[in-house]
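Nothing in this text is a laboratory measurement; each read-out follows from the coordinates by a stated rule. The shown structure was predicted, so the numbers you read here are calculated from the model rather than taken from an experiment. A quick note on method: Cβ atoms are made from the backbone with ideal geometry, for glycine too, and the neighbour counts reach across all protein chains shown.
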Ligand code: MSP
């Protein structure tokens, strides 16, 4: 084995890429686009430092940047993967609604033992295997109406270059050393586990004993090899200091506490390469092709690849969004994102992602939905059956952050009937379709009017109307708080739907159609106006969750395209709507949320 390194940076051999970058290297994609040569390395060193070059007076505000995990291509996607995708998309769309430039990155994790073995099993060359499976994830992103700006594949040349450069910088700074590694490796989790994190188990199907990770239950295998290590322990104090200064960095708080405790008690140096004789499907260590870079180091760097690393020049480091505003991840990959990733970034003095949102798992029959267990739901079939926005709505409404969630078709039907068909669809129909009033005239006349309940004969309705108005007035701010402070789109969605339900209750209690018959026209119009405003504002705020359906709802309300932003989600801010821009149609199928067809 050649080229193993000592800890001293001064003695390190230079990788060809690193040397090329020092000399003013141009990456392959930029060569294609005719970009000029990169600045010399000293510019990178200044980037993100505290030097004045970092902020210039003319610097544009940093775009919002949200990511999903990149998905292993060893197996087809399932509904659990869909959840991470929808979550991230909802965050991006929320920021766009608020008028901010926002980027969303998703993609596929294509290297490593797990993918190598899956390709071998199918007797397909790994790249061909990856091409085909990556396409399925791309199709899913499209099918679920994800507004991703990037789809990163770890086999992309620009990603490989970013990883090689990152590795060279770690090595130059003395963070990489050679050592013998003994331990339990889990191919399924692509992780080493120390002795105290594995146990003997018996396979319930075959009765065969095996050694498993206590955390994940997946089988581990003993390995003894020489490989490169990352001096993660050198970063322990800086990590702990960072957590202390950013106590809300990981959501939910319980997982933040677990991360801190893990770093305090278990932090070890990280094995960051595998012998190429065992793992050939990956990025070779620069200058030492006998070793392949550990798949998690390779994978984590995806987040900065599409943010332009290493092409960051002073003053424009943030142009593509880094540091990420939020990484969306499942709870099973917290350690990689909340310990390894910040340690790697700290080692290079690069900025850390601002927040990490770790969500719970989807369960089927009380077990984590997972290909290896075989209890997965095909997300393509689910979207075909229920519709894309129903699935998006259901996943965010029922999906957990702290808790896991059960998946069952009956839960989807229930959510659809109560929330969408009865709740949102019902409210829209009641305000827009009644023959008892002219909807547009109500908006025109009631707009801006102060409630004058004392004039009414029906004062007992006052409290309920005032209550709905108060809830509608607070809605956009409450929703923003759930998104931006708590990182909890599920709570935000429930908040919006609560106002929809409240508006429906008001209509049911006061029956404005009967008030009109009784000659209480002013009271009826006030009620309809308040319900319409709740519907309009809910429709605007629901756009990140259900882009298609909310668009159609706003069409039916006649809300102008330019009046659908967060700023318009204020009570009384729009007096121009009230005439549908689309034919309302007749019969059940004309409804925004038609009845679910009975199963044969
Ligand atoms: N490739 C790594 C991530 C690397 S990111 C630098 C990986 N891939 S994965 O395909 O196994 O998982 C991708 C995402 O799907 C993770 O956030 C994971 O938590 C999520 N889920 C996988 N199964 C899930 C459920 N049953 N429920 C919810 N999310 C689940 O990990």
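Can you figure out the FRET efficiency of residue 560 with residue 371, using R₀ = 51 Å and their beta-carbon distance, to the nearest 0.05?
Values: r = 46 Å, r/R0 = 0.91.
Efficiency at R0 = 51 Å is approximately 0.65.
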Relative contact order in percent for the chain (Cα pairs under 8 Å, 6+ apart) equals 15
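For the chain, what value does the Rg/Rh ratio take when both radii are computed over Cα atoms and Rh is the Kirkwood radius, given to two decimals? Please list the in-between numbers first.
On the way: Rg = 27.6 Å, Rh = 26.6 Å.
So for the chain, dividing Rg by the Kirkwood Rh gives 1.04.
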Summing -39500 (n - 2.57) over every DSSP H run of at least 4 in the chain, dividing by its residue total and rounding to the nearest 500, the 222 nm mean residue ellipticity is -12500 deg cm²/dmol
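Does the range 227-386 come out rounded, prolate or oblate, given a ≥ b ≥ c as the square roots of the eigenvalues of its C-alpha gyration tensor, rounded meaning a/c under 1.5 and, failing that, prolate meaning a/b above b/c? It would help to have the intermediate numbers written out before the result.
Numbers: a/c = 1.43, a/b = 1.22, b/c = 1.17.
In terms of gyration-tensor shape, rounded.
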Descending packing, highest mean Cβ count within 10 Å first, for 303-313, 236-246, 552-562 is 303-313, 552-562, 236-246
Tilt, helix 253-266 to longest principal axis of the chain (alpha-carbon atoms), in degrees rounded to tens, equals 10
Averaging 1/r across every pair of distinct alpha carbons in the range 487-593 and inverting yields a Kirkwood hydrodynamic radius, in angstrom, of 14.9
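To check you understand DSSP bridge types, tell me what percent of the beta bridges within the chain (both residues inside) are antiparallel, rounded to 5. Don't jump to the answer; show the numbers that get you there.
Numbers: 28 of 50 bridges.
Here the share of antiparallel DSSP bridges comes out near 55 percent.
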Measuring from the longest principal axis of the C-alpha atoms of the chain, the long axis of helix 547-557 (C-alpha) lies at a number of degrees, nearest 10, equal to 20
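How long is the gain from residue 417 to residue 177 if the chain were fully straight, where each residue apart is worth 0.36 nm and the alpha carbon distance is subtracted? Provide the component values of the computation, followed by the final result.
Numbers: separation 240, 0.36 × 240 = 86.40 nm, distance 5.93 nm.
The residue 417-residue 177 span can extend by a further 80.5 nm.
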Fraction of alpha-carbon pairs in the range 452-530 farther than 19 Å apart, rounded to whole percent, equals 43
